[in-house]
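Novice: Structure provided below as structure tokens; questions to follow.
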Amino acid sequence: MTIRELASYLGASAPDSAAADEEITHPAAITEAGPGAVTFIASPAYEKFLTSTKATAVIVARTLDLPGQTKSSPYYIKTDDPYSAFAKTLALFNKRKDIFSGAIHPSAAISPDAQIAPSAKIGAHCFIADSVRIGEGSIIHPGVIIYDNTFIGKNVVIGAGSVIGFDGFGYAPNPDKTYSKIPQIGNVIIEDDVEIGALCTIDRATISSTILRRGVKLDNLVHIAHNVEIGEDTAIAAQTGISGSAKIGKRNQIAGQVGMIGHIETADDVVIIAQSGVSKSITKPGTYFGAPAKEFRTALRQEGALRQLPELLERVKELEEKLKNKTPSPGTPGEGQG
């Protein structure tokens, strides 16, 4: 594919010269790209590599202030959204082998009561229980376990080893400090266009449903507890845990290792920074950080103050010593005379 052809495919602009007919053979990271490679810049942190990259072409924002063109410079493909454009480029060069030899792998154990759309794909060693429904175009990777009464919509992807619909963590304490299990008789509903990474666990509801709304994206190793509802187009990164009955708004972005207590809610368009602990509801859109999570600027001010605390303690000790040395002793001449 030439630079010109790639630019046309992306709806972008390319150099109006013979250079646009140079061939692109593969995509690469900007720090590793060589001749024949196409790369991209979507973050200001990588703009410094524009003058040193060996790539043949770089996908950039139309608004980026570019260095002067030289013989060794790459050619620039200008677009409104370099990140999305590079994602489309990767799809063009994707040569990964399809692991699915047919619609349903012969080793999969599927209940005769399950309803699976003809266009869905089920990988090796999956277990699909009674009354499960799987919609058109959905892909269930090897080793996935889907328990009874789970509803999976269209074009859903579930990564290898994930468990959908196992019992939620529900126990009632007894007077003798033992626990009695609370039956988990609800189900899980996964709406259309949801993608779930590898080794995720999504618990069935105690009653009613645990729900992942349309377009939700989960990274690997995410835990969703019973009766949680996650709003449309929310993305959650690895090792995050959402406790029972929490309700997550639409278009939330939740980074890695975030913990959320149960029975809270977040507004739409909330961003939660990695390793934050959310202990109460978040009622306004914005960015939040810390444990407990706070509005981002407030959290940064508090973090800054904590970093200065050892120095401040030393200064307080010094001032105490100075004051102690300046305090006059009893019986000093002139004291008490007036």
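Novice: Take the residues in region 33-49 that are among the aliphatic types (A, V, I, L, M) and touching a strand residue (DSSP E or B) at 6+ places or on another chain (Cβ under 9 Å); name whichever of them is farthest from ILE3 (Cα to Cα).
Specialist: ALA42
Novice: Right, another one. Please verify whether region 131-142 includes one or more residues that are over 18 Å from ALA225 (Cα atoms), modelled with pLDDT of 95 or more and open to solvent by 60 Å² or more (accessible area, probe 1.4 Å).
Specialist: yes
Novice: Could you list all residues from region 250-276 that are in a loop (DSSP other than H, G, I, E, B) and either within 21 Å of ALA198 (Cα to Cα) or touching a Cys at 6+ places or on another chain (Cβ under 6 Å) (or both)?
Specialist: ASN252, ALA255, GLY256, GLN257, VAL258, ALA274, GLN275, listed by residue number.
Novice: Another question, then. Please enumerate the residues belonging to region 181-206 that are open to solvent by 50 Å² or more (accessible area, probe 1.4 Å) and over 17 Å from VAL132 (Cα atoms).
Specialist: Within region 181-206, LYS181, ILE182, PRO183, ASP193, GLU195, LEU199 meet the criteria.
Novice: May I ask you to verify whether ALA225 is at pLDDT 90 or above and out of contact with any Cys (no Cβ under 9 Å at 6 or more places or on another chain)?
Specialist: When the stated conditions are applied, ALA225 passes them.
Novice: Now, a different point. So ALA85 fits all but one of (1) within 31 Å of the chain's Cα centre (by Cα); (2) closer than 19 Å to LEU10 by Cβ; (3) open to solvent by 40 Å² or more (accessible area, probe 1.4 Å); (4) of a type outside the set (Phe, Trp, Tyr); what number is the exception?
Specialist: Only one criterion in (1) within 31 Å of the chain's Cα centre (by Cα); (2) closer than 19 Å to LEU10 by Cβ; (3) open to solvent by 40 Å² or more (accessible area, probe 1.4 Å); (4) of a type outside the set (Phe, Trp, Tyr) is unmet by ALA85, namely (3).
Novice: Given the options ALA12, ALA29, ALA42, ALA20, name the one that is touching a helix residue (DSSP H, G or I) at 6+ places or on another chain (Cβ under 7 Å) and open to solvent by 30 Å² or more (accessible area, probe 1.4 Å).
Specialist: The conditions single out ALA42.
Novice: While we're looking at this one, here's another question. May I ask you to verify whether VAL216 is among the aliphatic types (A, V, I, L, M), over 19 Å from ILE196 (Cα atoms), within 14 Å of the chain's Cα centre (by Cα) and at pLDDT 95 or above?
Specialist: No; evaluated as a whole, the condition is false for this residue.
Novice: If you don't mind, another one. Just checking, does region 241-249 include any residue being surrounded by fewer than 18 Cβ atoms within 10 Å (Cβ to Cβ), in a loop (DSSP other than H, G, I, E, B) and at pLDDT 90 or above?
Specialist: no
Novice: Here is a further query. If a residue has to be open to solvent by less than 30 Å² (accessible area, probe 1.4 Å) and among the β-branched types (Val, Ile, Thr) to count, how many in region 256-273 make the cut?
Specialist: The number of residues fulfilling the criteria is 5.
Novice: Could you list all residues from region 50-80 that are farther than 20 Å from LEU6 by Cβ and surrounded by 12 or more Cβ atoms within 10 Å (Cβ to Cβ)?
Specialist: Within region 50-80, just THR51 meets the criteria.
Novice: Same structure, new question: Return the total of residues in region 207-222 being open to solvent by 10 Å² or more (accessible area, probe 1.4 Å) and either more than 16 Å from ASN252 (Cβ to Cβ) or not in a strand (DSSP E or B) (or both).
Specialist: 8
Novice: Still on this structure, please answer the following. Can you report the number of residues in region 1-47 which are of a type in the set (Ser, Thr, Tyr), free of Cβ contacts under 8 Å to residues at least 60 places away in the same chain and not in a helix (DSSP H, G or I)?
Specialist: So in region 1-47, the residues of a type in the set (Ser, Thr, Tyr) come out as 2, 8-9, 13, 17, 25, 31, 39, 43, 46.
This time we only want the ones that are free of Cβ contacts under 8 Å to residues at least 60 places away in the same chain, so: 2, 8, 17, 25, 31, 39, 43, 46.
Narrowing the set further to residues that are not in a helix (DSSP H, G or I) leaves 2, 17, 25, 31, 39, 43.
Going through region 1-47 one residue at a time, the tally reaches 6.
Novice: Output yes when any residue across region 306-318 is at pLDDT below 95, part of a loop (DSSP other than H, G, I, E, B) and farther than 30 Å from GLY168 by Cβ, and no when none is.
Specialist: no
Novice: In this structure, does ILE110 turn out to be modelled with pLDDT of 95 or more, touching a strand residue (DSSP E or B) at 6+ places or on another chain (Cβ under 6 Å), open to solvent by 40 Å² or more (accessible area, probe 1.4 Å) and β-branched (Val, Ile, Thr)? Full working, then the answer.
Specialist: Numbers: modelled with pLDDT of 95 or more: yes; touching a strand residue (DSSP E or B) at 6+ places or on another chain (Cβ under 6 Å): yes; open to solvent by 40 Å² or more (accessible area, probe 1.4 Å): yes; β-branched (Val, Ile, Thr): yes.
Yes; evaluated as a whole, the condition is true for this residue.
Novice: Give me the pairs, please: first residue somewhere in region 141-167 and closer than 21 Å to ASP98 by Cβ, second residue anywhere and open to solvent by less than 30 Å² (accessible area, probe 1.4 Å) and polar (S, T, N, Q), beta-carbon distance under 7 Å, and either six or more positions apart or on two chains.
Specialist: Short answer, once both residue conditions are applied: VAL144/SER162; ILE152/SER138; LYS154/SER138; ASN155/SER138; VAL156/SER138.
Novice: Do the conditions hold for ILE99, that is, is it open to solvent by less than 80 Å² (accessible area, probe 1.4 Å) and either within 30 Å of ALA117 (Cα to Cα) or in a strand (DSSP E or B) (or both)?
Specialist: Here the answer is no, as ILE99 does not meet what is asked.
The values are calculated or read from the model by the stated rules, or taken from the named source; none is laboratory data. Just so we're clear, the structure is a prediction, and the values are computed from it rather than from any experiment. In this analysis, Cβ positions are derived from the backbone assuming ideal geometry, glycine residues included, and neighbour counts consider all displayed protein chains. Calculation scope for accessible area: heavy atoms of the full protein, side chains included, ligands and nucleic acids excluded. Shrake-Rupley method; radii C 1.70, N 1.55, O 1.52, S 1.80 Å.
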